[in-house]
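Just so you know, all these numbers are worked out from the coordinates, no wet-lab data involved. Small disclaimer: the values here were computed from a predicted structure and weren't measured. Virtual Cβ from ideal backbone geometry, glycine too; neighbours counted across all protein chains shown.
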Amino acid sequence: MKVAAYHSSNPSDPDVYHDHDNCPSGQQIPWYNKVDGTGGHPRCKHCRDMD
Ligand SMILES: [Zn+2]
């Protein structure tokens with residue numbers, strides 16, 4: 001399902017943002033690292049493929 005943009009605050013994670021809650025890459029972000037917004041990053045490839 002499409003959701004508001006979010007990204008990871010962990011510097012070791014890829015510099016991308018997600019906007020699907022079922023993204024396999026976005027689902028690996030633990031709640032404490034999830035930040036609202038794009039963070040100025042490009043969109044995640046998995047999320048692009050799900051459109
Ligand atoms: Zn994604």
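Residues in the stretch 16-35 that are surrounded by fewer than 16 Cβ atoms within 10 Å (Cβ to Cβ), under 9 Å from the mean Cα position of the chain (by Cα) and either among the acidic types (D, E) or part of a loop (DSSP other than H, G, I, E, B) (or both): D21 only. When C47, C23 are checked against the criterion of being near the ligand (Cβ under 10 Å from one of its atoms), in contact with an Asp or Glu (Cβ under 9 Å, 6 or more places away or on another chain), of a type outside the set (V, I, T) and in contact (Cβ under 8 Å) with a residue 12 or more places away in the chain, a single residue qualifies: C47.
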